[in-house]
1. Only one of (1) surrounded by 19 or more Cβ atoms within 10 Å (Cβ to Cβ); (2) at pLDDT below 85; (3) not acidic (D, E) fails for Q139. Which number is that?
2. In the set M93, M119, which member is assigned to a helix (DSSP H, G or I) and either in contact (Cβ under 8 Å) with a residue 12 or more places away in the chain or over 17 Å from I164 (Cα atoms) (or both)?
3. In the range 6-50, what count of residues is obtained for those that are assigned to a helix (DSSP H, G or I), at pLDDT 55 or above and surrounded by fewer than 14 Cβ atoms within 10 Å (Cβ to Cβ)?
4. Regarding S86, is this residue touching a Cys at 6+ places or on another chain (Cβ under 9 Å) and crowded, with 19+ Cβ neighbours inside 10 Å?
5. Got a sec? Which of L83, L107, L113 is out of contact with any Asp or Glu (no Cβ under 8 Å at 6 or more places or on another chain), assigned to a helix (DSSP H, G or I), without any contact (Cβ under 8 Å) to a residue 40 or more places away in the chain and at negative phi?
6. Can you pull out every residue in the range 67-77 that is surrounded by 15 or more Cβ atoms within 10 Å (Cβ to Cβ) and without any contact (Cβ under 8 Å) to a residue 24 or more places away in the chain?
Amino acid sequence: MIAILNLVFGALWLLCGLGSLGMQASGMQSMFMNMGNVNPTNNPQIAKQEEIRKQVMEFSWKMNSSPIEYASHAQYIVLSILLIISGIGLLKMAPWGRTLSFVYATLSILSNLALIVMMFMVSVPLVQEFADKLSTQGQEAQVMATFMKIGVYFGIILPVVSMIYPAIVLILLLRPSVAAAFRGQGVAAAPPGVASEHIEEDERWGRG
């Protein structure tokens with residue numbers, strides 16, 4: 001079961017990671033940022049809204065182009081490849097598949113913990129600072145700033161949730177029965193002394 005889940009989750013995360021990295025590298029976010037800047041009537045209120053929207057989009061683009069974001073995408077791509085390869089190994093009941101699963105699970109938990117720390121140390125302060133400046137530009141800007149201050153903490157949920165599956169992998173693969181199966185061992189045989197006692201008892205009762 002873990003082998004199939006490794007393959008499925010690995011393929012999904014790899015596609016998502018490659019897609020996000022591709023969009024980021026191709027500048028599609030910058031293209032979306034410049035869409036919709038139309039104010040044919042030169043309405044001051046609409047112009048103000050467009051200015052606020054432009055500031056938010058520019059800040060978001062800078063945040064998404066930061067080294068932390070690139071490292072995050074690279075992390076998920078590497079871990080996804082490890083997950084797929086380990087899934088193949090588990091399907092073959094190869095010991096290296098179990099070992100590689102341990103490597104994946106350990107790296108995944110540690111890298112996600114590091115990402116959470118970096119987000120608290122870098123991303124959260126930057127968003128809070130920008131939102132404070134944005135909130136001085138009127139009521140609509142204050143609403144947007146409030147959403148940004150709250151939303152930055154929702155971004156931390158992803159690495160937290162991402163640690164659940166590798167933790168499950170570690171727990172299941174550390175079970176003695178699983179370890180014995182990958183060592184090619186079946187259920188442990190009864191000690192010779194115990195077996196001979198059962199044989200004598202059976203002969204005594206005529207069950208031999």
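The values are calculated or read from the model by the stated rules, or taken from the named source; none is laboratory data. It should be emphasised that the depicted structure is a prediction, and the values quoted were computed from it without experimental measurement. We place every Cβ from the backbone using ideal geometry, glycine too, and count neighbours over all the protein chains shown.
1. Unmet for Q139, out of (1) surrounded by 19 or more Cβ atoms within 10 Å (Cβ to Cβ); (2) at pLDDT below 85; (3) not acidic (D, E): (1).
2. On the way: M93 fails: assigned to a helix (DSSP H, G or I).
One residue alone meets the criteria, M119.
3. First pass over the range 6-50, keeping only residues assigned to a helix (DSSP H, G or I): 6-26, 28-33, 44-50.
Still in the list and also at pLDDT 55 or above: 6-26, 44-50.
Filter once more, keeping what is surrounded by fewer than 14 Cβ atoms within 10 Å (Cβ to Cβ): 8, 12, 15, 19, 22, 25-26, 44-47.
Residues in the range 6-50 being assigned to a helix (DSSP H, G or I), at pLDDT 55 or above and surrounded by fewer than 14 Cβ atoms within 10 Å (Cβ to Cβ): 11 in total.
4. In short, no.
5. Details: L83 fails: without any contact (Cβ under 8 Å) to a residue 40 or more places away in the chain; L113 fails: without any contact (Cβ under 8 Å) to a residue 40 or more places away in the chain.
Checking each option against the conditions leaves just L107.
6. none
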